[in-house]
Amino acid sequence: MGTPKVRTIGVLTSGGDAPAMNAATRAVVRVGLERGLNVKGIRKGYNGLLNEDIIDLTSRHTADSISRGGTILFTARCDEFKTPEGQKRGAEVCREQGIDGLVVIGGDGSFQGAQRLAELGINTIGIPGTIDLDIACTEYTIGFDTAVNTAMEAIDKIRDTSTSHERCSIVEVMGRGAGYIALWCGMATGAEDILIPESFDGNMPKLEQQIIEHLLRNRALGKTHHMIINAEGVGHSYGMAKRIEAATGIETRATILGHMQRGGSPTAKDRVYASMMGAYAVDLLCAGKSNRIVGYQNGKFMDIDMDEGLAMEKHVDDYQLQIAHLLGK
Ligand SMILES: Nc1ncnc2c1ncn2[C@@H]1O[C@H](COP(=O)(O)OP(=O)(O)O)[C@@H](O)[C@H]1O
Ligand SMILES: O=P(O)(O)OC[C@H]1O[C@](O)(COP(=O)(O)O)[C@@H](O)[C@@H]1O
Ligand SMILES: [Mg+2]
């Protein structure tokens, strides 16, 4: 390993929380201490950095956290940090606090903040923590697996009552601009329709007409329910339900699952991958690296230049989408 190139590291969680962010934080703390570093916890994302809401972390702070959802460091969105002044102040606080390496656990937005800090001379490593799976340079993001399983269980329950009443149900899942949760939940629950922003051209009347025709075809075949999984990025679930019911005469209900998808005890996969990523981030800092994102590709944990990683575009796999539609026909 050699002599670490940093002495004190900081860790923060930023943006929407994600189950198993705690496992990543815990690994940063425990591996950091094991490598002989001081570890500081910055609370409430970049807000805490600007307000110097910073505490010294010991192993004890992370006790009993691996099985808990949410983030023990709290999280926030911070508009001030999007400004050059805010970023300059953030770098100054790091220097004042003796933080010469920072681990940012968050999504694409948080990574842009990390990029700015790296440009200002703070060694920064990003760990992908978002339920949306919308970071192109990694096949895995912390929390996606748990969120999908949580949503899947909820959808199974909605399907039971939907079948009893012979209704059509629209379930809206999270994903601001990304349809991965919808695609996975749709496939996992055998949904009849899966609506994702990546394949939506913005023409809502056309989309609704396709759903209406599909629903009527299925009714003619004797299907007793029709489940539509709609990504938040497509949205408008309540209006869609009203219009489908008016056009078909089939009772239609919309459910927006909302923030329940972001909470809860993380799955084993999320706990293990998040732990590995936390450890990997610390070892990158120890090796003197900065402006890197920890990722997972082709069965291995890896790291990639943050500028390169953020410039990549993520695409939904066409084959998976095609099969999901075929299976729900
Ligand atoms: N372009 C940017 N420059 C600097 N900081 C940013 C930028 N975009 C986002 N951030 C910081 O990261 C925070 C979280 O970003 P957000 O997009 O809300 O969540 P996520 O990181 O989960 O994608 C923002 O509130 C802001 O403090
Ligand atoms: O908690 P909020 O502020 O309502 O944000 C909701 C958004 O956060 C997410 O859960 C996660 O998004 P980020 O990872 O980009 O923060 C989105 O799916 C959702 O649109
Ligand atoms: Mg994001």
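Just to be sure, is GLY16 touching a residue at least 24 places away in the same chain (Cβ under 8 Å), under 28 Å from GLY177 (Cβ atoms) and either touching a Pro at 6+ places or on another chain (Cβ under 8 Å) or within 16 Å of ligand 3 (Cβ to nearest atom) (or both)? Here the answer is yes, as GLY16 does meet what is asked.
Per-residue answers, yes or no, for (1) under 30 Å from LYS157 (Cα atoms); (2) open to solvent by less than 30 Å² (accessible area, probe 1.4 Å); (3) touching an Asp or Glu at 6+ places or on another chain (Cβ under 8 Å); (4) of a type in the set (S, T, N, Q):
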{"site": "GLN261", "(1), (2), (3), (4)": "yes, yes, no, yes"}
{"site": "SER265", "(1), (2), (3), (4)": "yes, no, no, yes"}
{"site": "ARG271", "(1), (2), (3), (4)": "yes, no, no, no"}
{"site": "ALA279", "(1), (2), (3), (4)": "no, yes, no, no"}
{"site": "LEU285", "(1), (2), (3), (4)": "no, yes, no, no"}
{"site": "SER290", "(1), (2), (3), (4)": "no, no, no, yes"}
{"site": "ASP303", "(1), (2), (3), (4)": "no, no, no, no"}
{"site": "VAL316", "(1), (2), (3), (4)": "yes, yes, yes, no"}
{"site": "GLN322", "(1), (2), (3), (4)": "yes, no, no, yes"}
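Within region 148-198, the set of residues being within 16 Å of ligand 1 (Cβ to nearest atom), open to solvent by 10 Å² or more (accessible area, probe 1.4 Å) and assigned to a loop (DSSP other than H, G, I, E, B) comprises MET174, ARG176, GLY177.
Scanning region 114-124 for residues that are open to solvent by 10 Å² or more (accessible area, probe 1.4 Å) and either near ligand 1 (Cβ under 9 Å from one of its atoms) or on the phi < 0 side of the Ramachandran plot (or both) returns GLN115, ARG116, ALA118, GLU119, LEU120, ASN123.
Does ASN203 satisfy the criteria of being buried (at least 17 other Cβ atoms within 10 Å of the Cβ), assigned by TED's automatic domain parsing to the domain that holds MET152 and over 30 Å from VAL11 (Cβ atoms)? Spell out the reasoning first.
On the way: buried (at least 17 other Cβ atoms within 10 Å of the Cβ): no; assigned by TED's automatic domain parsing to the domain that holds MET152: yes; over 30 Å from VAL11 (Cβ atoms): yes.
So ASN203 does not fit the description; no.
In region 200-211 there is at least one residue that is within 16 Å of ligand 2 (Cβ to nearest atom) and not aliphatic (A, V, I, L, M).
Answer yes or no: is there a residue in region 251-265 that is over 26 Å from LEU195 (Cβ atoms), at pLDDT 95 or above and within 16 Å of the chain's Cα centre (by Cα). Outline the logic, then answer.
Residues of region 251-265 that are over 26 Å from LEU195 (Cβ atoms), as a first pass: 265.
Then keep just the ones that are at pLDDT 95 or above; that gives 265.
Then keep just the ones that are within 16 Å of the chain's Cα centre (by Cα); that gives 265.
Taking every residue of region 251-265 in turn, at least one turns out to be over 26 Å from LEU195 (Cβ atoms), at pLDDT 95 or above and within 16 Å of the chain's Cα centre (by Cα).
Of all residues in region 88-111, those that are within 16 Å of ligand 2 (Cβ to nearest atom) have Cβ atoms under 7 Å from Cβ atoms of residues that are in a helix (DSSP H, G or I) and of a type in the set (Val, Ile, Thr), 6 or more apart or on another chain, in ILE105/THR25. Residues in region 65-82 that are open to solvent by 50 Å² or more (accessible area, probe 1.4 Å) and within 12 Å of ligand 1 (Cβ to nearest atom): how many? Final tally of qualifying residues: 4. Pairs are defined by a Cβ separation below 8 Å, a sequence spacing of at least 6 or placement on different chains, a first member in region 61-81 that is in contact (Cβ under 8 Å) with a residue 12 or more places away in the chain, and a second member that is assigned to a loop (DSSP other than H, G, I, E, B) and among the acidic types (Asp, Glu); the pairs so defined are GLY69/ASP17; GLY70/ASP17; THR71/ASP17; THR75/ASP17.
The values are calculated or read from the model by the stated rules, or taken from the named source; none is laboratory data. Since the model is a prediction, treat every value here as computed from it, not as a measurement. Neighbour counts are summed over all protein chains in view; Cβ atoms, including those assigned to glycine, are modelled from backbone coordinates with ideal geometry. To get the accessible areas, we keep the full protein, side chains included, count just its heavy atoms, and leave off ligands, DNA and RNA. Shrake-Rupley method; radii C 1.70, N 1.55, O 1.52, S 1.80 Å.
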